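A.B. asks: One structure, as structure tokens, below. Some questions next.
The values are calculated or read from the model by the stated rules, or taken from the named source; none is laboratory data. Quantities reported herein were computed from a predicted structural model and do not represent experimental measurements. In this analysis, Cβ positions are derived from the backbone assuming ideal geometry, glycine residues included, and neighbour counts consider all displayed protein chains.
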Amino acid sequence: MALRENERRILAEIEHRLGEDDPELADRLAAFGASDDPFRYDDLDDGASWKPWAVCGAIAALLVGLLVMVFAMTPPQHAAAGTSPTTGPSEAAVSEVPASAANS
């Protein structure tokens, strides 16, 4: 959201008065956040920086593991329906028809 001209003028005036009243605090606030950016990679040479690709890879591996576990623990549909995999539902329905109705 953009600031209106009046708000910008008021903020500039507050900043100017702060610089006059407490120059040390004004310098600290001006430098605040300049070197604390966690997303900068160029200032960290030790390799201990936050690596978003590693976090995304770990999350992806976790999700794949959970999906494999869910599919491994889910019973097959034929076991849940009470039919065998060799006789489908249509064959089971035909076998239940009385012999007298099948001959006619």
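A quick yes/no check of all residues on (1) acidic (Asp, Glu); (2) surrounded by 10 or more Cβ atoms within 10 Å (Cβ to Cβ); (3) at pLDDT below 90; (4) in contact with a Pro (Cβ under 8 Å, 6 or more places away or on another chain):
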{"position": "Val64", "(1), (2), (3), (4)": "no, yes, no, no"}
{"position": "Leu67", "(1), (2), (3), (4)": "no, yes, no, no"}
{"position": "Pro76", "(1), (2), (3), (4)": "no, no, yes, yes"}
{"position": "Ala81", "(1), (2), (3), (4)": "no, yes, yes, yes"}
{"position": "Ser90", "(1), (2), (3), (4)": "no, no, yes, no"}
{"position": "Val97", "(1), (2), (3), (4)": "no, no, yes, no"}
{"position": "Ala101", "(1), (2), (3), (4)": "no, no, yes, no"}
{"position": "Ser104", "(1), (2), (3), (4)": "no, no, yes, no"}
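A.B. asks: Just the residues that are modelled with pLDDT of 60 or more and among the charged types (D, E, K, R), please, taken from the range 36-62. Break it down stepwise before answering.
C.D. replies: Residues of the range 36-62 that are modelled with pLDDT of 60 or more, as a first pass: 48-62.
Answer for the range 36-62, where residues must be modelled with pLDDT of 60 or more and among the charged types (D, E, K, R): just Lys51.
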